[in-house]
Amino acid sequence: MLIGEFSKVSKVSIHTLRYYDKIGLLVSKRVDKKRTYTDEDIKKLEIINSLKDMNFSLEDIKVILELDEKIDKNLKNDSKCIDEIKVLLNIIDKKYKIILKQEKSLQQTKEKLEHIKEKFKNFI
């Protein structure tokens, strides 16, 4: 599908898609000098958006996707790949700990709101 249709389907602006193409994050195929995308690109964009929602930088996302492709190609003996994975695992672990803290904070806020809600309900 052409970039306009892909933009509508994915709900990502044409400007953003061109930028992702430029930085090599989501590279389109060219047919008659027009950017075209596939269903696989939709899946990849969903992964990109999920990682963005977890506050990964576009640079980190690009590394994650590249490493994922290397793993799929079974490049176990690639020492650079292994070193990159170790660094990435450290980043992921830090993000995970942040999410756990946020989850705890949200649970506490939820409990406080439930208490206030019950107090108000009991008053009326």
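Bear in mind that the values in this text are calculations on the coordinates, not laboratory data. Nothing here was measured: the structure is a model prediction, and the numbers come from that model. With ideal geometry, Cβ positions are generated from the backbone for all residues, glycine too; neighbour counts draw on all protein chains shown.
Axis of helix 39-53 versus longest Cα principal axis of the chain: the two differ by about 40°, to the nearest ten degrees. To the nearest Å, what is the center-to-center distance of the stretch 1-44 and the stretch 70-124, using C-alpha atoms only? Comparing the Cα centres of the stretch 1-44 and the stretch 70-124, I get a distance of 29 Å.
Quick check on my link table: of LYS52/LYS112; LYS43/LYS110; LYS62/LYS104; LYS44/LYS95, which ones sit more than 23 Å apart, alpha carbon to alpha carbon?
Those over the limit are LYS52/LYS112; LYS43/LYS110; LYS62/LYS104.
Return the label of the correct value of log10 I(q)/I(0) by the Debye sum over Cα atoms at q = 0.10, 0.12, 0.20, 0.22 Å⁻¹, as calculated from the structure shown, out of (i) -0.27, -0.40, -1.16, -1.42; (ii) -0.50, -0.64, -1.12, -1.22; (iii) -0.34, -0.46, -0.99, -1.14. Identified label for the calculated read-out: (ii). Against the chain, whose longest principal axis comes from its Cα atoms, helix 58-72 is set at around 70 degrees. Between the Cα long axis of helix 14-23 and the first principal axis of the chain there is an angle of about 60°, rounded to the nearest 10. Shape class for the stretch 1-53, computed from the alpha carbon gyration tensor (a ≥ b ≥ c): prolate, with a/c not under 1.5 and a/b above b/c.
Could you identify which residue out of GLU46, GLU103, GLU59 has the top mean-square fluctuation in a GNM of the chain using Cα springs shorter than 10 Å? Evaluated over the chain, the most mobile residue of the options is GLU103.
Using only DSSP helix segments of four residues or longer, with each worth -39500 (n - 2.57), what per-residue ellipticity at 222 nm results for the chain after dividing by its residue count and rounding to 500?
Values: 5 runs with 93 residues, N = 124.
Mean residue ellipticity at 222 nm (helix-derived): -25500 deg cm²/dmol.
Counting other Cβ atoms within 10 Å as a rough exposure proxy, the listed residues ARG18, ARG35, ARG30 run ARG30, ARG18, ARG35 from fewest neighbours to most.
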